[in-house]
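> Got a structure here, written out as structure tokens. Questions coming.
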Amino acid sequence: MADLTAGDQRTKVERPTSGFRLFVARYAERKLSVVALVVLIGVVLVAYVGPFFTPQDPFDLAQIDILDNMLPPGSESMTGMTYWLGTDDQGRDLVSAIVYGLRISLTVGVLSGFLAVIIGCVAGITAAYAGGWGERVIMRTVDLFLGFPSFLIALICLAVLGRGVDKVLFALVLSQWANFARVIRSVAVIEREKEYMSAAGGLMLPRHRIIFRHLLPNCLPPLIVVATVNVAFSITLEASLSFLGVGLPVTEPSLGLLIANGYEYIITGDYWLSVYPGIALVVTIGSINLVADRLRDILNPRNDQ
Amino acid sequence: MTIFLIRRLMQSFVVLLIMSLVVFAGVYAIGNPVDVLISPEATELQREQTIQQLGLDRPMWEQYLIFLKNIAEGKLGTSFVHNRPAITLILERFPATFELAFSALVIAVFLGIPLGLWAGLRADSFSGRSIISGSIILFSMPTFWVGLLMIIAFAINLNWLPTSGRGEVGTFLGIRSSLFTIDGLRHLVLPATNLALYPLALIIRLTASGTSETMSLDFMRSARAKGLHAPRIVFVHLLKNILIPIVTVIGLQFSVILAFAVVTESIFSWPGMGRLIIESINLLDRPVIVAYILVTILIFMLINLLVDVLYSFLDPRVRLEKM
């Protein structure tokens, strides 16, 4: 985390081109990152537009034929449709199941990441802005959470609460908010001492204006990086928890649950049920990580010269 | 040093108190503790006895005090499923988990540091870049899925290694472990490697970036100018300087490994604490869940304390009294 903030005292050199164009140009400098971004956009499209085009709706029992169960990839169904990635034990087309599962995984990951950012921001900025006693209490709590691996926090949370979408969201947010709070606070503490902040204070601007219009936008770059990495991490966490059977309920089959369903069949050599959802998961997480890596390179002020 | 230790122990104690309060609140928030802590199949007499022992007929604050007292005495209820004290169940499983996590850490360190050094020293070579890309790919692979692939490849297709269980357990110097028998080691290879992958990727990246940063510093140039041999430069001058962050991360990674052991144990049916907790959650064996939470919190706080102490030994610049 230190590298996100350490070089921040340096004043930014204004470049002639507009900020956004420059950003795009710098992002495009590395080919792998562009590929990763294209893949990521593809993944998002598949997840949210794909369900309209899949051969089956895995939730609609009328469309599923139990006689087609456990067919290997490439088999034909009774009605002449091809199951490109095979079917599961209930005769569901794996392609459709993956597309729907991807939507659930992405939604849960992004939503929990977003909520954790908001809570972390509130806690971090309050700590930096309040200082003194309030700061100590908040940061102690943050340290307390950071002392335990996030997987453990989420697991304990779900062990107490039970399965469910809302509970998984809560567990993911609870296990990650402290990360954001720490990053935001460390950035905000540096920003708080800068001249523009005392200028804003000198103009007697209202506090909410100073925080939302002056402080927050300047804390944004490191936050974007941490948020992107954490979405990938949330997706992994949710998949692991659902795989273990303590995460999402069976009615919300995310990629992790699909892999878990296939787990009992791999001993008999029916590998596809676990392998293909896993590939979808790896592609998603990998592309997010690569995009985040490039964002970190660009947004890190140390590399800004 | 002593002052630091005392202060840290006191802090840990406060954290434990807070945690016990949270867990207590959790157990009581879900529902009637009588249903939570007493098996539905218990006889009326057993019910009465447990209610008496846990003091469930007393006021809330008094119940919390009894809860604390029971924790201190190690009485954390009896498992519904196994019908044995929850705490014994967990402590019995701990050696298996520890052995798995320890082996994973050893693999990660002894592969990760040399690979990272190589990648850092030969950053522009094909091998160096492959190591770094490999570690990035490892980062993006969920542990549990890689575990499945390993089972498919090594256990089912190649039939080289067993897929589940701990194997034969040997005794050496009074310690019982799978590390001491051939069969035990064969059972250990796959789960330990699986668990090692994530920390391995982290250690590789950390060592590589530390190496390439340190190699460009002045004291490295003077070491070379003095005509020192390359091995001495790398293993004495370089390693000494990059080891501190690596050791810290290794310490912290050990707790992450312990946590993720839950996943690996479930895939490879390793009879450790992690598998126990997942089974208990699925069977709603709540006394075991409560006991597991308290025991793991205690373990993690001990690890954090150890890491801090170790850190101060390695880096004299860190003054513990100020922490």
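> Just give me the residues in region B:141-167 being part of a helix (DSSP H, G or I) and either at pLDDT below 80 or more than 9 Å from every other protein chain (Cβ to nearest Cβ) (or both), in sequence order.
B:G147, B:M150, B:A153, B:F154, B:A155, B:I156, B:N157
> Can you find a residue in region A:222-240 that is away from chain B (no Cβ under 14 Å), free of Cβ contacts under 8 Å to residues at least 12 places away in the same chain and either within 14 Å of the chain's Cα centre (by Cα) or part of a helix (DSSP H, G or I) (or both)?
The answer is no; no qualifying residue exists.
> Shifting gears a bit: Please give the number of the condition B:W118 fails out of (1) surrounded by 18 or more Cβ atoms within 10 Å (Cβ to Cβ); (2) over 30 Å from B:V236 (Cα atoms).
(2)
> Right, next: Among residues belonging to region B:288-322 that are touching a Phe, Trp or Tyr at 6+ places or on another chain (Cβ under 7 Å) and either at pLDDT below 80 or not β-branched (V, I, T) (or both), point out the one that is surrounded by the fewest Cβ atoms within 10 Å (Cβ to Cβ).
The residue in question is B:E321.
> Still on this structure, I have one more. Can you say whether A:L115 is more than 30 Å from A:D57 (Cα to Cα) and at pLDDT 80 or above, as far as the supplied structure shows?
No: the conditions fail for A:L115.
> Being assigned to a helix (DSSP H, G or I) and crowded, with 18+ Cβ neighbours inside 10 Å is the filter; apply it to region B:168-184 and report the residue that is modelled with the highest pLDDT.
The extreme case among them is B:G184.
Each row is one residue, and each column tells you yes or no for (1) surrounded by fewer than 20 Cβ atoms within 10 Å (Cβ to Cβ); (2) within 14 Å of chain B (Cβ to nearest Cβ); (3) hydrophobic (A, V, I, L, M, F, W, C).
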residue: A:G101; (1), (2), (3): no, yes, no
residue: A:V110; (1), (2), (3): yes, no, yes
residue: A:A116; (1), (2), (3): no, no, yes
residue: A:L155; (1), (2), (3): no, yes, yes
residue: A:L161; (1), (2), (3): yes, yes, yes
residue: A:V165; (1), (2), (3): yes, no, yes
residue: A:A181; (1), (2), (3): no, no, yes
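> Mind checking which helices (runs of 4 or more DSSP H) fall wholly inside region B:214-323 and carry at least 1 residues that are more than 10 Å from chain A (Cβ to nearest Cβ) and over 23 Å from B:F144 (Cβ atoms)?
Ranges flagged: B:218-225, B:239-267, B:286-314.
> Of all residues in region A:246-282, count the ones that are assigned to a loop (DSSP other than H, G, I, E, B), under 28 Å from A:F180 (Cα atoms) and facing chain B (nearest Cβ under 9 Å).
1
> Something else about it: Collect the residues in region B:131-160 that are without any contact (Cβ under 8 Å) to a residue 12 or more places away in the chain and buried (at least 19 other Cβ atoms within 10 Å of the Cβ), keeping them in residue-number order.
The answer is B:S140, B:P142, B:W145.
> I've got another one for you. Looking only at residues in region A:140-152 that are in contact with a helix residue (DSSP H, G or I) (Cβ under 7 Å, 6 or more places away or on another chain) and more than 9 Å from every other protein chain (Cβ to nearest Cβ), which one is nearest to B:F254 (Cα to Cα)?
My answer is A:L146.
> Taking the conditions exactly as written (closer than 20 Å to A:G164 by Cβ and modelled with pLDDT of 85 or more), does A:T284 satisfy them or not?
no
> Within region B:93-116, track down each residue that is touching a residue at least 12 places away in the same chain (Cβ under 8 Å), in contact with a helix residue (DSSP H, G or I) (Cβ under 9 Å, 6 or more places away or on another chain) and not hydrophobic (A, V, I, L, M, F, W, C).
Selection gives B:R93, B:T97, B:E99, B:S103, B:G112, B:G116.
The values are calculated or read from the model by the stated rules, or taken from the named source; none is laboratory data. Note that the structure is a prediction, hence the values are computed from the model and not measured. Cβ coordinates were reconstructed from backbone atoms using ideal geometry, including for glycine residues, and neighbour counts include every protein chain displayed.
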